[in-house]
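One structure below.
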Amino acid sequence: MGIKVAKFGGSSVADCIQLAKLKSIVESDEERKYIVVSAPGKRFDGDNKITDLLYLCKTHIEHNLPYDQLFQVVTDRYRAVELNLGIDADLVKHFEGIKKRLTENPSADYLASRGEYLNAVLIAAYLGYDFVDTESLIKFDSNGKLLMEETDKALGEELAKHAAAVLPGFYGSTPDGKVKTFSRGGSDITGSLVARAVKAKVYENWTDVSGFLMADPRIVHKPKQIRSISYMELRELSYVGAGVLHEDAIYPARLANIPINIRNTNEPLDEGTMITSLEEVVRDESQGVITGIAGSKDFTVVALYKNMMSSERGFVRRILGILDDYNIDFEHIPSGIDTVSVVMANSQLEGRLEEVIEEFRSRLRPDSIDVIGNIALIATVGHRMASRRGTSATLFNALAEAGVNIRMIDQGSSEMNIIVGVENKDFEKAIDAIYKAFVKYEESYEEVNNYQ
């Protein structure tokens, strides 16, 4: 028998109904020993997340505005759940402690973290599990950087004392004892850290969707579900804008080679999506040629041409130096013999495009510079793409038949993805066309194999 770590997101712990589902899920598998929880999310449209209310309390404190009613909304919500579940989590004691800290103008990180803290106390009582606070166990340095190895050791030593426990996600502390929250994906990261620390056989991430889809359902009608995906493929999709787990949430589990299972609290029998090593995914013969399609809009491409560029040492280094001077991250740098293009997100440029171009002219002295705006990047990702003939042709023919003009093509050295740049206006049409073309391609491929 192994250990499973289960993390439940905000929508999965929003109210009594969701908590009853959580308890049923946990009790259905005795291997689910360590449970990481978020703060309660929205219960309905127009509702507030607990974390947002706590941040609002902090804003009121900073502006010398009354905050008592706001904090009362928070405490009433927890108290109502406690009463409806028929348990005694001694929440009043915790409320009083937090209320006392409010008079001392605590940090925003401390106040925001109380949503997870209170929820973990409540859910631990509901499940009959131990409550283990992560404040002193998840360690950050004085600059707010996660100390991975120190955290792994502290969590491992503490959780070895508890046969089963509920832990709050989202936060830890710095060396001076101050609460520090993760900037994004906080509870997901906590779950991944706990999984690594206890050497879990799997890290389950319970949310309100049954895993990942091959494409955005707002663009493609009923896209297929991704049953298994490698860490590498997930990284490629998330980089171009897919709404998936943040890289920081994956890394601790990936480091320990622990599979991550994305599950749906509302559909617990659905197997969801399994994220694992590439070797494990390769062994899955049911996997298609592509794993997923994702992208995002609003990029600018600056194309530089200079005769004999290939023999001019340090040309690309100087491009990167200029971008570094302006603190601009680049997305891609496709190149030819005498040409190189720099792809940058408009959000990175922040109105400084003309300044950057002038620097390129002054320090690089190119023969010409072309600027292409309003570009969308679309990545088609799959570990089987390199070994299956006709992959590129399928993609490019699909775009041609849809009347989409390709402005840029870039393929990674791993041959796991093909990225195309199209005009913003063609973004949705391009994704839909690529998806449909590969669904048809797979059907044709299966028919040929079955015939043979």
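The values are calculated or read from the model by the stated rules, or taken from the named source; none is laboratory data. All values reported here derive from a predicted model rather than from experimental measurement. In this analysis, Cβ positions are derived from the backbone assuming ideal geometry, glycine residues included, and neighbour counts consider all displayed protein chains.
Among the conditions (1) surrounded by 21 or more Cβ atoms within 10 Å (Cβ to Cβ); (2) modelled with pLDDT under 95, the only one that residue 46 does not satisfy is (1). May I ask you to verify whether residue 180 is in contact with a Ser or Thr (Cβ under 7 Å, 6 or more places away or on another chain), among the basic types (Lys, Arg) and closer than 26 Å to residue 148 by Cβ? So residue 180 passes the test.
Yes/no per residue for (1) out of contact with any strand residue (DSSP E or B) (no Cβ under 6 Å at 6 or more places or on another chain); (2) of a type in the set (S, T, N, Q); (3) modelled with pLDDT of 90 or more:
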residue: 191; (1), (2), (3): no, no, yes
residue: 197; (1), (2), (3): yes, no, yes
residue: 204; (1), (2), (3): no, no, yes
residue: 207; (1), (2), (3): yes, yes, yes
residue: 212; (1), (2), (3): no, no, yes
residue: 222; (1), (2), (3): yes, no, yes
residue: 226; (1), (2), (3): no, no, yes
residue: 238; (1), (2), (3): yes, yes, no
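Restricting attention to the stretch 183-202, the residues that are free of Cβ contacts under 8 Å to residues at least 60 places away in the same chain and not in a helix (DSSP H, G or I) total 1. When the stretch 412-444 is filtered for residues that are under 23 Å from the mean Cα position of the chain (by Cα), of a type in the set (Ser, Thr, Tyr) and surrounded by fewer than 18 Cβ atoms within 10 Å (Cβ to Cβ), only 414 remains.
Here's the yes/no breakdown for (1) in contact (Cβ under 8 Å) with a residue 24 or more places away in the chain; (2) closer than 18 Å to residue 12 by Cβ:
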residue	(1), (2)
104	no, no
112	yes, no
115	yes, yes
127	yes, yes
134	yes, no
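Within the stretch 1-34, if we keep just the residues that are buried (at least 20 other Cβ atoms within 10 Å of the Cβ) and β-branched (Val, Ile, Thr), the residue that is nearest to residue 120 (Cα to Cα) turns out to be 13. Within the stretch 350-388, the only residue that satisfies the criterion of being in contact with a Gly (Cβ under 9 Å, 6 or more places away or on another chain) and either loosely packed, with under 12 Cβ neighbours inside 10 Å or of a type in the set (Ser, Thr, Tyr) (or both) is 380. Here the condition is being of a type in the set (Lys, Arg) and free of Cβ contacts under 8 Å to residues at least 12 places away in the same chain; of 93, 139, it holds for 93 alone. Scanning the stretch 385-410 for residues that are in contact (Cβ under 8 Å) with a residue 24 or more places away in the chain, more than 25 Å from residue 333 (Cβ to Cβ) and assigned to a helix (DSSP H, G or I) turns up 394, 397, 398, 401.
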